[in-house]
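The values are calculated or read from the model by the stated rules, or taken from the named source; none is laboratory data. Just so we're clear, the structure is a prediction, and the values are computed from it rather than from any experiment. When we count neighbours, we look across all protein chains shown, and the Cβ atoms used for this are built from the backbone with ideal geometry, even at glycine. Side chains are part of the model used for accessible areas, which takes the heavy atoms of the whole protein and leaves out ligands, DNA and RNA. Shrake-Rupley method; radii C 1.70, N 1.55, O 1.52, S 1.80 Å.
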Amino acid sequence: MATFISVPLKKSSEVDLVKPLSKFVTSTYPPGEEQTESLRAVEELNKLRKSALGRPLDKHESSLEILLRYYDQLCAIEPKFPFTELCLTFTWKDAFDKGSLFGGSVKLALASLGYEKTCVLFNVGALASQIASEQNLDNDEGLKTAAKFYQLASGAFAHIKDTVLSALNREPTMDISPETVGTLSQIMLSQAQEVFVLKATADKMKDAIVAKLANQAADYYGDAFKQCQYKENLPKEVLPVLAAKHCMMQATAELHQSALAHQKKKFGEEIARLQHATELVKTAASRYDEYVNVKDLSDKISRALTAAKKDNDFIYHDRVPEVKDLEHIGKASLVKATAIQTPLSQKFTDLFEKMVPMAVQQSMSAANSRKADTVNRLTGSMREATNLCNGVLASLNLPAALEDLSGDAVPQSILEKSRAVVQQGGLQSIEQLIKDLPELLQRNREILDESLKMLDDEETTDNELRGKFNQRWNRTPSGDLYKPLRAEGNNFRNILDKAVQADQVVKERYTAHCEMIALLCKPENELSAAIPSANPAKTLQGSEVVNVLRAQLAQLDEVKREREVLEGEVKSVTFDMTAKFLTALAQDGAINEETLTSSELDTRYGSHTQRVQQNLRRQEELLSQIQVSHQEFSALKQSNSEANNREEVLKKLASAHDSYIEISCNIKEGTKFYNDLTEILLKFQNKCSDIVFARKTERDELLKELQQSIAREPSAPSFNVPSYQSNTPAPASGGLTPVPRTVFVSLYYQMPMAYNPYAYGQFNMPYMPYQAQGQAGYPGAPPAQQPYPYPQQPPQQQPYYPQQ
């Protein structure tokens, strides 16, 4: 009666976690303590996987603890790494498939962390079932431990049943299909309930309690049998064990209920229940004795029945009722599938505790973008105001007109502008920067084109193989997988196209002003000679309009200096939204990034926005006043053609200076933009290279599997060999090879050579007319199978890692 079912472990191929995870860490976090710590954590995670999956595990709690820690760590890092982009491929074999003589076995390779989690959790349930089955059930501690681990196994398999389809987004292997793991969960729950029956019996609890516990166990086993009947992937030895356990648990319930009837002096009912229990154990003994030992239970029932009949025949003479007329036995469940809630390990500590989840990283990126937009909007409005101011002053030839009252000397402001242009490199520096732009642009285009070409080539190969193998090519189409990368690539292409347009605008502006910029670069004597002279103007040095105009220009300079200080303050504002995003994620399970960031930006930049608006309004007022004063100033000046020509040249020189400063700034920003974009595109190229390499590895492995599968397929239809050509002796009557007597211990059961794996008919359960009210009926017979003419070779044990 101590036969329990345990589940074999799934086996995984080796996976290098270090390279892709480390690449993400180094590309996401700047060099420093945080990056170093994360890289160290990646190494520890890789070691943890090897400990959990890369070696045989002992049937001990310490081995289970390693599996639990790895599962907890997978759950912890899932939101912190973009696994869909990393394309880490995990390969697992079907736990119940032992391959064939020609090699190979059913396995599945998926670039999905959800798949890895599901398979690890399956191993948690499998190892828990093995540990429970190894317990000594003759002592209280062993009974408690077994019950705990059977319930853990049931919970693990139940969790997979609820989550596997959403985690994989495709058909799983049979061992982790919802139907299979649902059956395994029910089997584990049945065994946990049986352990409590054994414990209640050992603790000498009341017969009424033991009867209810055993009846519930029988009900659980009956449900498990029904679910298992049509599971072709499960070992066929499972079915008779479940049928036998159903009979034995019900017999145990009848035995203890008969004792309760004896206590109530219902001697006829006592005998009826013991007779029914006898029939149940006889069924188990005659059909399933190679899997379960019913001798102790049978002897106990036999002794009780003999004593009850003797007392009733000589003393009580109570009528023995029909089995169908007996009152049904109640049920009491003491087991429940353990809920899978992380962390499962009590010793778990997150290796990546300081790394924020991807949701927070993405929100931080969006928040930084909003911050940059705010800064650009404020600084952009101030720079536009400065350009407007310079343009207006240049059109009015201010302040040069106030300095040029003599009509022949170069105005001081023009000399200062000339020195500024020369100090910044003059025409030569701008021409060199403009010359470098096309090379920078071409470099970025080549990186982008090469990245997308890698995707195109791999997708073409994938489509060709899909057309060749049709439904057998059962991996995610490259076209679907590459959609995010192609969208990213198109975005980069649009950015480059806009950059080309911006480059053209800068070149056109340079062409328009290069002549006057060249003039500003000349020595003072050549500059003076190039500026037309004019007759001396009337003495305006002491006039009121000149003084007013100079005062207004001084105020305008103050406004511009204030704006420069304000721009520096706007750029220097710093704040970190990480804590707020983490709090929102913990409280609400999601982050409303736009609301949180907008509120923080209003707080941080509200006062700066008001000061910028005040500054712009002040400039607008001053420019209006300056234009009015300039009209009065122009009316006082003596007008002639020479003066007009001179003033026109001075305006162009002032405008050329402003254009030079702006063009130089624009080209430097363009150069920086292209260099920064090169780094981003190189990361994009690495991302494309990684996913293409992962897909190539996956493709090669799938091709190998398909080739092995095709090699195993028969090249011609099967046919029957004439009996006179066969040396195999005819089987005994009934055509079934006798089954050797053995005790079923594990689903990973190795069948002896003499065993006929197709002779299932001997396990058919007999028709039992009794079904008390509220009691589940007996499981039906398993589906009949036709015997195959030739015995199969025993399965060969496959190596742990697939051989290349």
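Within the accessible area of segment 207-321, what % is carbon and sulfur when the probe is 1.4 Å and the other protein chains stay in place?
C and S atoms contribute 49 percent here.
Kindly write out, for segment 124-130 in residue order, the coupling ³J(HN,Hα) from the Karplus curve 6.51 cos²θ - 1.76 cosθ + 1.60 (θ = phi - 60°), rounded to whole Hz, with x marking Gly and Pro.
The phi angles translate into 4, x, 5, 5, 4, 5, 5 Hz.
Set the Förster radius R0 to 35 Å, insert the Cβ-Cβ distance between Asp162 and Glu327 as r into 1/(1 + (r/R0)^6), and round the FRET efficiency to 0.05.
According to the calculation, E is roughly 0.40.
How large is the convex hull of the Cα atoms of segment 253-357 per residue, expressed in Å³ as a whole number?
Taking the convex hull of the Cα positions in segment 253-357, it is 205 Å³ per residue.
Between the alpha-carbon centers of segment 434-454 and segment 209-272, tell me the distance in whole angstrom.
The distance from the Cα centre of segment 434-454 to that of segment 209-272 comes to 75 Å.
Can you work out the accessible area per residue across segment 207-321, with the rest of the protein chains kept in place, probe 1.4 Å, in square angstrom?
41
What list of ³J(HN,Hα) couplings, whole Hz, do you get for segment 44-59 from phi and the Karplus terms 6.51, -1.76, 1.60, once you set θ to phi - 60° and write x for glycine and proline?
5, 5, 4, 5, 5, 5, 5, 5, 7, 10, x, 8, x, 9, 6, 7
Regarding segment 1-103, what's the average projected area of the Cα-atom convex hull, expressed in nm²?
Spelled out: convex hull of the Cα atoms, projected over all directions, averaged, 9.5 nm².
Averaged per residue, what accessible area in Å² does segment 552-696 show with a 1.4 Å probe, protein chains only?
I get 54 Å² per residue for segment 552-696.
Would you mind computing, in nm to one decimal, how far apart the modelled labels at Ser381 and Val500 are, each placed 7 Å from Cα along Cα→Cβ?
With each label placed 7 Å out from Cα toward Cβ, I get 3.5 nm.
Step through the table entries Lys199/Lys264; Lys11/Lys148; Lys11/Lys354, compare each Cα-Cα distance with 30 Å, and write down the pairs that go over it.
Too far apart for the 30 Å limit: Lys11/Lys354.
Mind giving me the FRET efficiency for Glu569 and Ser51? R0 is 56 Å, r the Cβ-Cβ distance, nearest 0.05 is fine.
0.55
My understanding is that a pair violates if its Cα-Cα distance is over 32 Å; which of Lys483/Lys507; Lys50/Lys468; Lys23/Lys672 do that in this structure?
Too far apart for the 32 Å limit: Lys483/Lys507; Lys50/Lys468.
Hey, how much of the P(r) for segment 168-236 falls beyond 15 Å, as a percent of Cα pairs?
Distances greater than 15 Å cover 59 percent of the Cα pairs.
Tell me, what ³J(HN,Hα) does each residue in segment 296-307 have, in order and in whole Hz, if you take phi through Karplus 6.51 cos²θ - 1.76 cosθ + 1.60 with θ = phi - 60° and put x for Gly and Pro?
For segment 296-307, the Karplus-derived couplings read 4, 5, 5, 5, 5, 5, 4, 5, 5, 5, 4, 5 Hz, x marking Gly and Pro.
When the expected Rg is taken as 2.2 N^0.38 Å, what fraction or multiple of it is the alpha-carbon Rg of segment 429-476?
2.06
How far, in nm, would the chain grow between Gln442 and Ser598 when pulled straight, counting 0.36 nm per residue and subtracting the alpha carbon separation?
52.4 nm
Please give the length that would be gained between His317 and Glu562 if that part of the chain were fully extended, namely 0.36 nm times their separation in residues minus their C-alpha to C-alpha distance (nm, one decimal).
76.6 nm
For Lys107, what residues show an amide H to amide H distance below 5 Å, using hydrogens built from the backbone and excluding near sequence neighbours?
Under 5 Å from the amide H of Lys107: Asp94.
Pick out, from Leu280, Met249, Ala208, the residue whose Cα sits farthest towards the positive end of the charge dipole of segment 207-321, with +1 on the Cβ of Lys and Arg and -1 on the Cβ of Asp and Glu.
Positive-most Cα among the choices belongs to Ala208.
Leaving out ligands, DNA and RNA, what percent of the accessible area of segment 564-710 is carbon and sulfur, probe 1.4 Å?
50
Roughly speaking, to the nearest percent, how much of segment 1-87's 1.4 Å accessible area is carbon and sulfur?
Carbon and sulfur together cover 52 percent of it.
How would you order 180-190, 225-235 from highest to lowest mean count of nearby Cβ atoms within 10 Å?
Output ranking for 180-190, 225-235: 180-190, 225-235.
What pairs from Lys236/Lys282; Lys19/Lys687; Lys245/Lys310 go past 19 Å between their alpha carbons?
Lys236/Lys282; Lys245/Lys310
For Phe90, list long-range residues whose amide hydrogen, built 1.01 Å from N in the peptide plane, is under 5 Å from its own amide hydrogen.
Leu110, Ala111, Ser112
What whole-number distance in Å separates the alpha-carbon centres of segment 106-148 and segment 605-633?
Going from one Cα centre to the other spans 76 Å.
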